[in-house]
Each structure stands twice: as structure tokens, then as C-alpha cells.
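Novice: If you scroll down you'll find the structure; I have some questions about it.
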Amino acid sequence: MASASTEPDTACENSQSQAAEVELDDKSAGKNSGASSVRPLSSSPRPVKAAQRELKRRPTESEEVEEAHVLPSVYVSTVKFTPESRMNLYCDQILASCKAEEADEAMSKYLTEKLRAKSTWLGVWKTNPELFFVKYDEGSIPYVGILVEVTCRPRQSQSSHLRAKVSVIEPYSSNIANLPRELVEEVLDELDHCVPLLEVYPIDDQDHVVCSIAQALENVRFFYDFLWRDWDDEEGCENYTALIEERIRLFYDIQDGTIPGPVGQRFKRTLEKYRNKRVELIEYQSNIREDPSAAEAVECWKKYYEILMICGLLKIWEDLRLRAHGPFFPRILRRRKGQRPSGKVVTHIVANMMTADMVKDFSAHTLIQQHDNLDASLDNCFSGDTVVIFPGEYHASGFGMLTDDIIIKGAGNREEIVILSDPTQDNFVASKSQNISLIHLTLVQRGTTDGIVVVESGHMMLEDCLLKCEGTGVCVLTGAALTMKNCELTGAQGPGVELYPGSVASLEGNDIHKCSNIKSSDVLKSMLGGIKLKVLPPPKLKLHNNYVHSNNGYGVTIIQPDDRYCHDADENVLECAAGGDKRDDLVKAMQNMSLEMNNNKFENNSMGEIGVIVC
């Protein structure tokens, strides 16, 4: 079902649903009008039947097609749901203890109870333009809307979906000015005047009973747009309401910015891709009239397995809730090559054109291989090789699969050597190398879901690099090590540098600023600061001559688990060293971990210099 809630708190989530169309419809009416605009018809009428259909009566040259009136405004919900109120509505009231395969029945029962109060009311039927037109501009005609009178009739069986009996009323109104009324009546005749109930939006200024029905319809649309998955009733789930709770939390994490915007958009695009692929498979199967041929059977299986792969990816994302703090899971799939069989090392030059001046500083015995793109150089690297990148702008998906011990450095100022992430990839820079170095580079993160740099194992050296984050900053996972010198890191939605338990890091001469930009109602999520440490088991961190400033939260945040404290965020936050009254707790936390700090400058961090969060 392709509709969505028009509630203000959910409107931005409706890129693939009709709620976005409702918003477009209202905006196009003008600021001072609650009615929908009327769009001129610039499309060819679609033959509903197999043969080209002629209109029952075509207007003569002297006649003009009856122009439709402007649609009245539809009901817009003013209810402000919180995550808890959504969970109460869907998990406790509507679904209760039902299984996934019973969800349709529970939603139908919920709507039926609301509809008993009033069976006839006025609404706008919004349907797919393909029902009326052969060709049309999707940008200008997102839907066909018609003012109708609605009569809700009982379902014919337990398994049937709720449908509504509709009829066109006076004055004839549509969002398309010159849509022939005869065409509308003919389409409705072929549908027996029955349309899916969720395609009908009650108009505004009706009594409170109709408003209650309208709100119930919005609630059901929200369920099918954001909480329901097509695979739910195909797989067993012991506690379906718990799964719905997780999806509600996921929805609000995207809404409040806990999950970075590009990550949330990517999840929605993948979900939409899954739905489209499923429709493609259904349509392909329906076009097979007899027993499928071998080629048709193979094509069906290909489409089916593609759907399974996308479904599996979505499940992983949902289970991990697209967390903004650290990577989903290690994904390094490339096998480590080790040294070249000949034992020789090669210097790889990355440049569109190579000149003699580029190699004048190399010794006469240097083995050189030139590449016009960065991925090609990485594919040809063995341990011990060096990649030299000359000024320019590059893309490199291979940065997400670094396994060999190499040096990657820019030739010139770091601002001139720009590496852009691939938005279609999950991660930007991820390494399992025992010892790898990135020097004199500018890394620009765009749309990737992990940290800008993730050290999954081994050791990484970052020197004189500029890191422009869009998601999370630098993540050092358990057992991995990082040395970061004279780098600038900015713009991370989470902490600039995050150390997982048991990791090791040495930070010297870095400028870390404008990090922890998550907009969240959760106090803990909005104070992760410039550097974040998880201390069980304690990581090891050396800080020398760093400038940590202008971050939301502390300059350095220490996450310390302690069951003796309650889970209220405000009570769990211990003041920074400058606060005084909680200084003993801070000193104790620092003594219990290996934290060495000298000549660092902390300035304009919203919560202070160093803080401990007990959670």
C-alpha cells in the first residue's frame, strides 16, 4: 500500500509515499488557500480495456470540456506522536500479541471499529495516474485526485482488505483541471466503484467522527509505509511487537538526527529498491501465461535471489539500527597479498598524465608504475609498496578494503589531493593492515555509513591529513591502533575520534573541532564531544599538543559503565574537571585507564574539557 501519514512529524519521511504528494498538493494551492491546485491535463487518456477506448461522448468543437473545480483541503493530523505513544498505539492497542501474518487482520479490525461510527462521508480519492493515462509527467502529476462520496461496506471475508464504495459528487472537483468527467466515471464503472480505503483522504471541516476516521486512516498508512515489511508474514517471528518497537525507534532515530541524514536516506532508497524489485518479480510472473520456459524460470530465480539479497541487507541495517557511533560490522573481504613474490617494491604514481618532473626526486633504482585512477593503483599494490597521488580529485572504493602494509601519500599540499567517498559504499576508509600510512591527503566523506576512517585491526598512521566528515569520525576498534599527527578533523555527527575498548591511540598536534553534531532529544547522544573513549577494557590514549575546540559535548568524553548509577542521563553525567564537585570521579576514571595528556588546548567545547558519562 503506497500511502503515508500526513502528520507534521512524519512528512519528511514520505519520499516514496503519497503523503509527500499531499504536502505538494497543499503547497501548490498557495499560502492563503487550503484547497489543492488544479493542474492542466497534458497527458494522453489511457485505454483501460485491452483495445483503445473511445470516450462515450466527445465534445464538439463548439463545446468545452467541463473544467474541474479545485479540490477541498484534506484532513491533516495535528497529533504529535512520541516514540512511546506510537509503541502504545501499535504494539499494545492494535497489534497486541498477534503474529506477523495476523497484522493485516489486526489493522482491518482497527479500521472497522472506527468506521462503525459513520459509514458515509466525503473524501478525496488519490490514485495512480496510470489508471487514467498512457503517458504523463510524473513530476507534474504525482497522483489523480477526485472528490468523492465514500460509503464503507463490510469486508466480504476475513482475508479481504477494506474497500470503499465511492461516487463522484457535485461540484465535480479534481487536481487536474481538464480531466474529463466521463473518463472518471468509466474508470469507476470498471472498478465497480470500489477502491482501496487507504487511497481515500477525508476532507477537512467535517464532524469529529470523520476526523477520528481520518486519524485512524493516517495511523494505518503509517504502519504500512514505515513499520511493515513485505517479508514479515513470510518468516516466523516469536515476538512481532518487539520487532515493531525496534522499527519505531529506527524511524525516530532518523527523524531526530541520531542517525546521520545520508545514512537514513540510503536506508530508504534501499527499502524502496526492495519494493520495486518485488513488484517487478510479481509483474514478470504474471506475464508468463503457460508453463515457464527454461529462460523464464532462470530469470524468475535471478529476480528472486536479488530480492533476497536486498532483504538480507535491510535486516542487517534494521538489527543494528544504522547506528551513528561506529561501523555496522567488519567488512574487509579482500585477502592480504603480502610481499610481491619477487621481493621487489614498487612506487605507484596516480596522475592522469605523468611528466619527467614528477619522478625527478626518485632514485634511479625506483620501480615506477603509473595509473590514471586510484583504485587501479590499490589493486596492484603489495605490502611494502608506496602510492604517490598527485594533485587532483579522486574517487576510490578500494579505500574501504585496505589489507596490505603500504604507504599512501599526496605529492604536494594536502588541500590539493582530494579523495571523495563513494556514496553507494557502506564505508570510506577501512583497514586491517598490520601497518599502513596515509599522508598529505584530504578525505571528504559523502553518504557513507561508517566512520570516515575505521581501523578494524592492525595499526594506521594518519599524518597531515584533512578529514571532512559527514557521518562519524575516526573509529578505532577493539585491538586496533592509531597514530594521528598534525591532522585536522571536522564535521563529524558523532565524536571526532572514537576509541573502542582495548584499542590504542596516540594523537599529537591535531585540530579536532565542530564534532558531535547529532540533533537528538537523548542527552547522552548529543554530548559525545571531540574524543570519545569506552573504558571496559580501558583503551590506551596519548594526547600531545592537540587543539580540541568548538565541539558539542566535552573535549574528551569517557564512557564508563557502572550499574550502581541509574539510567537517567542528567544524573549519569559527571561534571568536567573544571566543575570541581565531581573531580574525584573524573580522577578515578582517568587513573583506571591509560590516558597520557600533555600541552593540549581545549576551548569552546559546550560541556567543558573532560567528562565522564556513566551508562
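The values are calculated or read from the model by the stated rules, or taken from the named source; none is laboratory data. Worth saying up front: this structure is predicted, and the values here are computed from it rather than measured. Every residue, glycine among them, receives a Cβ derived from its backbone with ideal geometry; neighbour counts consider all protein chains shown. In case anyone asks, the SASA skips ligands and DNA or RNA and just uses the protein heavy atoms, side chains included. Shrake-Rupley method; radii C 1.70, N 1.55, O 1.52, S 1.80 Å.
Novice: Considering only C-alpha atoms, what is the centroid distance from region 70-102 to region 203-261, in Å?
Specialist: Using only Cα atoms to place each centre, the spacing works out to 6 Å.
Novice: Please list 468-479, 110-121 highest first by mean number of surrounding beta-carbon atoms within 10 Å per residue.
Specialist: Ranked by mean Cβ neighbours within 10 Å, highest first: 468-479, 110-121.
Novice: Between Ala297 and Asp192, how many nm apart are label points set 7 Å from Cα along the C-beta direction?
Specialist: 3.6 nm
Novice: To continue, here is another question. For each pair in Lys135/Lys277; Lys80/Lys277; Lys485/Lys601, compute the distance between the two Cα atoms and list the pairs where it is over 27 Å.
Specialist: Lys80/Lys277
Novice: Nearest 0.05, what FRET efficiency do Glu113 and Asn276 give at R0 = 30 Å with Cβ-Cβ as r?
Specialist: Once the sixth-power term is evaluated, E becomes 0.35.
Novice: Extending each Cα 7 Å along its Cβ direction at Cys237 and Val345, get the distance between those two points in nm, one decimal.
Specialist: 5.4 nm
Novice: Within region 410-445, list the residues whose amide N lies under 11 Å from a label point set 7 Å along Cα→Cβ of Ser550.
Specialist: Correct set: none at all.
Novice: Based on the mean of other Cβ atoms within 10 Å per residue, sort peptides 482-490, 335-343, 302-310 so the most packed one is first.
Specialist: 482-490, 302-310, 335-343
Novice: Determine the per residue accessible area of region 432-493 with all protein chains present and a 1.4 angstrom probe, expressed in square angstrom.
Specialist: Each residue of region 432-493 exposes 26 Å² on average to a 1.4 Å probe.
Novice: With a probe of 1.4 Å, find how much accessible area region 243-320 has per residue, and write the answer as a whole number in Å².
Specialist: So region 243-320 comes to 56 Å² accessible per residue, rounded to a whole number.
Novice: When you count, for each residue, the other Cβ atoms within 10 Å and take the mean per peptide, how do 551-560, 372-381, 162-171 rank with the highest first?
Specialist: Listed from highest to lowest mean packing, they are 551-560, 372-381, 162-171.
Novice: How big is the equivalent ellipsoid of region 99-215 along its three axes, where each semi-axis is √(5λ) from the Cα gyration tensor, reported in whole Å from largest to smallest?
Specialist: Listed largest to smallest, the semi-axes of region 99-215 are 26, 17, 13 Å.
Novice: Still on this model: Could you check how much of the accessible area of region 67-219 is carbon and sulfur, as a whole percent, using a 1.4 Å probe?
Specialist: Summing carbon and sulfur atoms, their accessible area is 51 percent of the total for region 67-219.
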